[in-house]
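Here the structure comes first, spelled out in structure tokens, and everything after it is commentary.
What follows is calculated from the coordinates using simple rules that are stated; it is not laboratory data. Being a predicted model, the structure only gives us computed values, none of them experimental. In this analysis, Cβ positions are derived from the backbone assuming ideal geometry, glycine residues included, and neighbour counts consider all displayed protein chains.
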Amino acid sequence: MQSTPAGRTLDVEDLTVRYGQALAVDGVTLAIEPGEVVALLGPSGCGKTTLLRVIAGFVRQAAGRVRVDGAAIDHLPANQRNIGIVFQNYALFPHMTVAENVAYGLRARGMRGSEVQARISRFLDVVQLGGFRERLPRQLSGGQQQRVALARALAVEPSILLLDEPFAALDRNLRLDMQIEVKRLQRTLGLTTILVTHDQDEAMSVADRIAVMNKGRVEQFDTPVAIYDRPQTLFVNGFIGTTNLMNGKVSAREGGTATVALDAGATLRLPASADFGLGAPVLISVRPEQLALSSVPGPDAWKIVPGLSLPIGAQLVHEARTADGASLKIVEPRRTTPSDTARIYCTLAADARPTLFPRST
Ligand SMILES: Nc1ncnc2c1ncn2[C@@H]1O[C@H](COP(=O)(O)OP(=O)(O)OP(=O)(O)O)[C@@H](O)[C@H]1O
Ligand SMILES: [Mg+2]
């Protein structure tokens, strides 16, 4: 390994991008730490690729700034930004061999001879394509092309790496290998990295922080655990993981706690900010693993009509319907002997952390 460059900070400040009249990116601000891996998650068309293209210098913003280590880079052309990018469609040069593709950025930076050859070998080994130097892109599978694109981006030893769904065409095992490899390289090289992905598990496992985007805006920028446990908006809540939503109303308030009367017919005492006043209509979001089935009635248990139960790996997923018609999913560990008591009540599990959202009526 060569010397380890210090990671760079990457600051995106109030960035706005328009295509004609349409807003593709709408006032995005992200402060990314040196050597940090940030995953960008969001539905198709929310502006993820556009954001990367502005950072890399391929699209010009209507407003806002991009700074690396505090200095604005907006005036620099793409090839002077020292940013490696792997495009969503990998965009290899079709008439060049694998080795020539990897060497492209090196030659553009004036590197020649044995140094170029050494980098080609090193980074093709990293992506496990050492034997493919002389192939043309059309002689490779989609996943292999993706790996060449990754080698090409890494070969210039950028200080910032932008990856636009780099593993989408890979099968599961290779994907895991590449995730580990990217994480390792990113650590060794101190690369500040943004990874666009549609895969929540990938975002949760690879990223230090996740930015969830919706309609050109960042709705939450937080650690994976905080995004999962404390989603700040209904959109983030519904986009990350599986969740149950139930209607209710605040029936009493006491300090930081609200008593919520569920439309499904139980009362729950939950931590709630002062925003949730007496009488406020609320939505309660609970993850499936935070609900429990019970055969015992009680004030904090609501009646359900059990539906299908599906074994999924080590878990059992139960479907159920509440008295007010909400459909619930409840997950519990799969037991060898199923209980034969009629479990027609649902409660919060002991460690449940439901999230309250305001509900418009
Ligand atoms: N060159 C372009 N001209 C006009 N509109 C564009 C252009 N590129 C993207 N858009 C529009 O800008 C919006 C954001 O596109 P973008 O490619 O950034 O989305 P994305 O989040 O990367 O989506 P996906 O997950 O499907 O890749 C979309 O509505 C898209 O149609
Ligand atoms: Mg995209």
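A few points about this structure:
- Every residue from the range 238-274 that is in contact with a Pro (Cβ under 6 Å, 6 or more places away or on another chain), closer than 21 Å to residue 325 by Cα and not basic (Lys, Arg): 242, 267
- Filtered residues of the range 318-330 (kept if under 26 Å from the mean Cα position of the chain (by Cα) and surrounded by fewer than 17 Cβ atoms within 10 Å (Cβ to Cβ)): none
- Residue tally, condition closer than 20 Å to residue 97 by Cα and aliphatic (A, V, I, L, M), over the range 138-168: 9
- Number of residues in the range 57-86 that are within 13 Å of ligand 2 (Cβ to nearest atom) and surrounded by 20 or more Cβ atoms within 10 Å (Cβ to Cβ): the value is 2.
- Hits in the range 233-271 (condition: in contact (Cβ under 8 Å) with a residue 24 or more places away in the chain, among the hydrophobic types (A, V, I, L, M, F, W, C) and more than 15 Å from residue 282 (Cβ to Cβ)): 236, 239, 240
- Screening residue 235 against (1) within 16 Å of ligand 1 (Cβ to nearest atom); (2) more than 21 Å from residue 56 (Cβ to Cβ); (3) outside any helix (DSSP H, G or I) leaves a single unmet condition, (3).
- Of the residues making up the range 219-235, those that are within 19 Å of residue 12 (Cβ to Cβ) and buried (at least 22 other Cβ atoms within 10 Å of the Cβ) are 220, 227.
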